[in-house]
1. Given H placed on each backbone N at 1.01 Å, which residues far from R178 in sequence or on other chains put an amide H within less than 5 Å of it?
2. Out of every Cα pair in the range 82-166, what percent are spaced more than 22 Å from each other?
3. Per residue of the range 63-72, in order, report the coupling 6.51 cos²θ - 1.76 cosθ + 1.60 (Karplus, θ = phi - 60°) as ³J(HN,Hα) in whole Hz, putting x for Gly and Pro.
4. Need one value: the accessible area of R186 in square angstrom, 1.4 angstrom probe, rounded to the nearest 10.
5. Between R87 and residues 5 or more places away or on another chain, which pairs have amide H atoms under 5 Å apart, with H built 1.01 Å from N, and which residues are they?
6. Quick one: ranking R33, R41 by accessible area, 1.4 Å probe, largest first, what do you get?
Amino acid sequence: MSESGVPGPAGGEGPESDVALWGGEGTLREPSRRVLVQLLRGPYLSASRHGNLWTALLSDEDAVRSRLADLFLDLVTDHAAQVAFVRNTSADVDAPTVMRTATLTFLDTALLLHLRQALLQESGGRKTIIGADEAADQLQVYRGKDNADITGFSKRINSSWQKMVKYGLLAATSTEGRFEVSPVLRLVFGTEEIAAVQAEYQRLAAEAEPGSAELPDTGEETE
């Protein structure tokens, strides 16, 4: 669906949009095809990182959503935050798994939830900026009363932090050691999923047992 002030559709099904870039194949214009490529590559598309592609998505959102549905994929967009990503269809059908996911450790997910909470607490449309040390302090509760390996735990936290950077959920800023939290985290978990995960983590916090969660993969193999 187009927003006010945004150019009309760049693609579609009608004859006027029948733009073949090569060999008579396809009907989407080039910008919309590039939108599809970025969405499938992941982990997400945003106005701040992909300005031209975000504009193209807004111009041709219905056609892009239709193409993704042909692949058993759902398009998830937040127009206010100006981010979008794709995930395997949530429809109750026997569909193949198209998008791979990365399994996260207990600490990975705890960090992800902390970053999401920091994002939601920010007001006025300001960027959410955080440092690794701040996040590490918040995660100390998961070390457990009987875990004396402070160095090993710190390494695990750093590993989780680097994983968030790898997946584009944290982006370096001009200030050393400070990172911006991606607004896409508003969409990764729904309200019910967040409540369920938080309840489970409250139960496991003292023991710091392994857990897992999933988020869109970049397409790279995890270690």
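1. Under 5 Å from the amide H of R178: T173.
2. It works out to 43 percent of all Cα pairs.
3. Rounded to whole hertz, the list is 5, 5, 4, 5, 4, 5, 4, 4, 9, 6.
4. 90
5. Hits under the 5 Å cutoff: D74, V76.
6. The residues order as R41, R33, largest area first.
The values are calculated or read from the model by the stated rules, or taken from the named source; none is laboratory data. Since this is a predicted model, take the numbers as computed values, not measurements. Ligands, DNA and RNA are stripped out before the accessible areas are found, and what is left, the full protein with its side chains, is counted by its heavy atoms. Shrake-Rupley method; radii C 1.70, N 1.55, O 1.52, S 1.80 Å.
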